[in-house]
Amino acid sequence: MDWGTLAGTTLGAVLGVRTLLGERSRWRRENTSHERAAKQQLYGEYLAALWLTRHGLRELKRSIGLSREERIQQAGEILGSANAFQLLYQIHIMAPEPLGDVADQTFLRLRHLRDRFDEPDVSADPEWSATQGALGEALEALRRAMRSDLKSSPVW
């Protein structure tokens with residue numbers, strides 16, 4: 001038996017396995033990096049949608065000369081136009097379950113703020129400030145949960 005051929009074959013096999021392991025490791029790093037970037041994008045879009053909706057509702061509350069029905073309609077349009085509801089479903093697909101629960105609670109608080117427009121005179125609504133405060137706290141909790149999730153995602 002030719003020991004040179006056997007040694008060459010063994011060395012080739014070892015190098016092939018080593019290359020394969022290296023490629024798999026590189027693939028995992030790239031996949032993790034892409035997943036983290038996608039989460040960052042989604043989390044940013046969701047927070048922006050929530051903040052824009054909150055701001056739009058605050059501006060609507062300040063607007064004068066609108067009937068109650070017009071305010072209710074515009075409040076619904078403001079909530080729908082920011083795509084927060086669609087982004088919430090994406091959060092449930094990509095984020096860990098505890099973060100999804102926080103995202104749900106934040107969206108519910110935003111809907112409660114929108115529902116304040118059902119009152120006869122939202123400009124004099126005594127619950128507006130408390131509802132705004134609860135939404136602010138929920139947004140801050142969501143932001144912290146998102147940051148925590150992104151920190152726990154390994155960056156190779």
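A few points about this structure:
- Set side by side, the residues Ser152, Ser148 differ, and just one is out of contact with any His (no Cβ under 8 Å at 6 or more places or on another chain), more than 17 Å from Leu47 (Cα to Cα) and not aromatic (Phe, Trp, Tyr), which is Ser152.
Here is a yes/no grid of residues against (1) in contact with a Leu (Cβ under 8 Å, 6 or more places away or on another chain); (2) of a type in the set (Val, Ile, Thr); (3) more than 26 Å from Ser152 (Cα to Cα):
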| position | (1), (2), (3) |
| --- | --- |
| Leu42 | yes, no, no |
| Leu87 | yes, no, no |
| Asp121 | no, no, yes |
| Gln132 | yes, no, yes |
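- Of all residues in the range 39-71, those being assigned to a helix (DSSP H, G or I), open to solvent by 40 Å² or more (accessible area, probe 1.4 Å) and of a type in the set (A, V, I, L, M) number 2.
- Highlighted here are the helices (runs of 4 or more DSSP H) found entirely within the range 72-156 that include at least 3 residues which are open to solvent by less than 70 Å² (accessible area, probe 1.4 Å) and over 15 Å from Trp51 (Cα atoms): 97-115, 128-152.
The values are calculated or read from the model by the stated rules, or taken from the named source; none is laboratory data. The model shown is predicted, which means the values in this text are computed figures rather than measured ones. Positions of Cβ are generated from backbone atoms using ideal geometry, with glycine treated the same way; all protein chains shown enter the neighbour counts. These accessible areas exclude ligands, DNA and RNA; they are computed on the full protein's heavy atoms, side chains included. Shrake-Rupley method; radii C 1.70, N 1.55, O 1.52, S 1.80 Å.
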